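Enquirer: Questions regarding the structure given below will be posed in turn.
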Amino acid sequence: MSEKTPPPDPIRPRSPLPKDNRTGNDRRGSDRRRSQHQAVESERRIGDRRKHDRRVEKTSPYHNLVRFLKEKGLYPHEKAYDQPDGAEVVFRGKSILSLASVDYFNFAQNPEIKKTACEAIRKYGAGGFSSRLSMGNLSIHMELEGALAEFMGKESVLIFNSGYLANLALITSLLPRNATIFLDQKCHLSIHHACLMSQKKYFRFSNNDMSDLERLLQKHRDEPEKWIVTLGVFSSNGLLAKLDEIAVLARKYKARIFIDDAHGIGVYGDRLRGAADHFGVLDEMDLIMCPFQMAFGNIGAFVVGKRYLLQAAHTDAWPYMFTYNIPPVSAASLLKALEILGREGREYQKKLWENVAYLRRALTEIGYKILNPNGHIIPILIGDDVKVCAFAQRLFHQGVWVQPFYYPAVPKGQATVRVTCTAGHTRSELDHAIRAFADASLWLATS
Ligand SMILES: Cc1ncc(COP(=O)(O)O)c(C=O)c1O
């Protein structure tokens, strides 16, 4: 006979009495013990949570900053306006000029699109239906995907209910399991989050630094599935990604490319197809993601790419499968937006760039330090976290809404306001903003 000890019994130890034979008293006793145990557990958790909160409050510079800004009435993220109104917003009955919107062509307020939306509500109702794999797939969604494929000149399209989820789905589920990711450090947070969740190998390269990217590609050249991931236009500093150089590196190291072109599509390229179109490397992009809130003035996102990459979404991508589809009213509005872009998109694009050039020139003349030489996003360096909020507040009192960005959204000491204008701003609106910026610059110089 073998001397080995027998393997452990896979059946868990039984309760003293077989379950079915337990009396009411036994059951009440064990229920009581269980609820006592749960109470102790939950107290422990609440205690831990409070301890954690106190530790965070004490140590986190961000929490301290938020508390300080709130005390001083400078916290910029709790202002809720009542109504958008073209390039303006209505705040407590007063019109404020917005230089913070990324609805670049003002399509959210476009009368033709609003009319289409009203008709769609009459036909389909006001809300959504269900997830894509359930009752949420209407023929209008398929029509939208077809129109987007044509707009982008790509083989296959998927729509998602947000850009965040699209990035999550792509990186966690649609890139091959053995993918090694090389991502620009200034990618949107959703991409960093997705990489963390994906359990794939990933390496960050310095923002738009091609020698750093090449160093990493060279170091990991034997990895079988290399993916370079970047934004088309960096939302924090307005720079265009060097997609022409990235395409060269991708060819050299046999890597694929995925770009999140949220701020590029519509704004760049003769065919409005974004940053890759601008550099003439659209065919070399394996996947492109774009949220609908920018050039389309709506909600949701789309991804274009090779069919073989996207078809796995129906079986593998949880952020695609287990969430509601965009409502038909959005799909109908987006189809109308695409029709308008096809008809007069170049006009909108031209108007946007004229406004950007006008505003840039004036802000530079006033003496502001703009962090990029020519992008449509105009980030102005202010430096200090509190000062940037006070600066935004000052402009707000002059009737101009700008968005401050401070730690941890940007590194400490590099707080900026991000100024964005749209195709819909008139010259007199921009002149009003320029006067407010001139006044605020005097305040900056003396504060
Ligand atoms: C570059 C970029 N990617 C992704 C997103 C996320 O898109 P969504 O708001 O549709 O989730 C944003 C949103 O601002 C963005 O700027």
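The values are calculated or read from the model by the stated rules, or taken from the named source; none is laboratory data. Quantities reported herein were computed from a predicted structural model and do not represent experimental measurements. Backbone-built Cβ (ideal geometry, glycine too); neighbour counts: all protein chains shown. Calculation scope for accessible area: heavy atoms of the full protein, side chains included, ligands and nucleic acids excluded. Shrake-Rupley method; radii C 1.70, N 1.55, O 1.52, S 1.80 Å.
Enquirer: Answer with yes or no whether SER134 is among the polar types (S, T, N, Q) and surrounded by fewer than 16 Cβ atoms within 10 Å (Cβ to Cβ).
Expert: Criteria met by SER134.
Enquirer: Can you tell me which residues in the range 436-446 are in contact (Cβ under 8 Å) with a residue 60 or more places away in the chain and either open to solvent by 10 Å² or more (accessible area, probe 1.4 Å) or not assigned by TED's automatic domain parsing to the domain that holds ALA87 (or both)?
Expert: Scanning the range 436-446 gives ALA438, SER441, LEU444.
Enquirer: Same structure, new question: Just need a number here: residues in the range 289-303 that are near the ligand (Cβ under 8 Å from one of its atoms) and either within 12 Å of LEU148 (Cα to Cα) or not small (Gly, Ala, Ser) (or both).
Expert: 7
Enquirer: Still on this structure, I have one more. Taking interchain pairs and intrachain pairs at least six residues apart, which have beta carbon atoms under 7 angstrom, with the first residue in the range 344-373 and outside the structural domain of ASP270 (by TED's automatic domain parsing) and under 15 Å from ASP439 (Cα atoms) and the second of a type outside the set (Val, Ile, Thr) and open to solvent by 20 Å² or more (accessible area, probe 1.4 Å)?
Expert: ILE366/ALA438; ILE366/SER441; GLY367/SER441; TYR368/SER441
Enquirer: Just give me the residues in the range 232-247 being open to solvent by 10 Å² or more (accessible area, probe 1.4 Å) and at pLDDT 95 or above, in sequence order.
Expert: LEU239, LEU240, LYS242, ASP244, GLU245
Enquirer: Just the residues that are of a type in the set (A, V, I, L, M, F, W, C) and open to solvent by 40 Å² or more (accessible area, probe 1.4 Å), please, taken from the range 137-161.
Expert: MET142
Enquirer: Within 16 Å of the ligand (Cβ to nearest atom) and more than 30 Å from ARG221 (Cβ to Cβ): which single residue out of GLY153, GLY146, GLY128 fits that description?
Expert: Within the list GLY153, GLY146, GLY128, the selection yields GLY128.
Enquirer: Also, quick follow-up: Could you tell me which of the residues ALA166, ALA194 is within 15 Å of the ligand (Cβ to nearest atom), free of Cβ contacts under 8 Å to residues at least 40 places away in the same chain, closer than 29 Å to ARG271 by Cβ and within 19 Å of the chain's Cα centre (by Cα)?
Expert: Step by step, each of ALA166, ALA194 is checked, and only ALA194 is within 15 Å of the ligand (Cβ to nearest atom), free of Cβ contacts under 8 Å to residues at least 40 places away in the same chain, closer than 29 Å to ARG271 by Cβ and within 19 Å of the chain's Cα centre (by Cα).
Enquirer: I'm checking my understanding of the structure. Among residues of the range 64-82 that are among the basic types (Lys, Arg) and more than 24 Å from the chain's Cα centre (by Cα), which one is farthest from VAL402 (Cα to Cα)?
Expert: Among those that are among the basic types (Lys, Arg) and more than 24 Å from the chain's Cα centre (by Cα), it is ARG67.
Enquirer: What pairs can you find where one residue is in the range 394-419 and under 15 Å from VAL102 (Cα atoms), the other is part of a loop (DSSP other than H, G, I, E, B) and open to solvent by less than 40 Å² (accessible area, probe 1.4 Å), and their Cβ atoms are less than 6 Å apart, with a gap of 6+ or different chains?
Expert: TRP401/ALA100; VAL402/LEU99; VAL402/ALA100; GLN403/ALA100; VAL417/VAL402; VAL419/LEU99; VAL419/VAL402
Enquirer: Pull out all pairs, ordered by first then second residue, where Cβ-Cβ is under 6 Å, the residues are six or more apart or on different chains, the first lies in the range 98-117 and is part of a loop (DSSP other than H, G, I, E, B), and the second is among the aromatic types (Phe, Trp, Tyr) and crowded, with 19+ Cβ neighbours inside 10 Å.
Expert: Pairs found: ALA100/TRP401; PHE105/TYR348.
Enquirer: When you look at LEU183, is it over 12 Å from the mean Cα position of the chain (by Cα) and assigned to a helix (DSSP H, G or I), yes or no?
Expert: No.
Enquirer: Testing GLN293 on (1) touching a strand residue (DSSP E or B) at 6+ places or on another chain (Cβ under 8 Å); (2) buried (at least 18 other Cβ atoms within 10 Å of the Cβ); (3) not in a strand (DSSP E or B), one condition comes back false. Which one is that?
Expert: (1)
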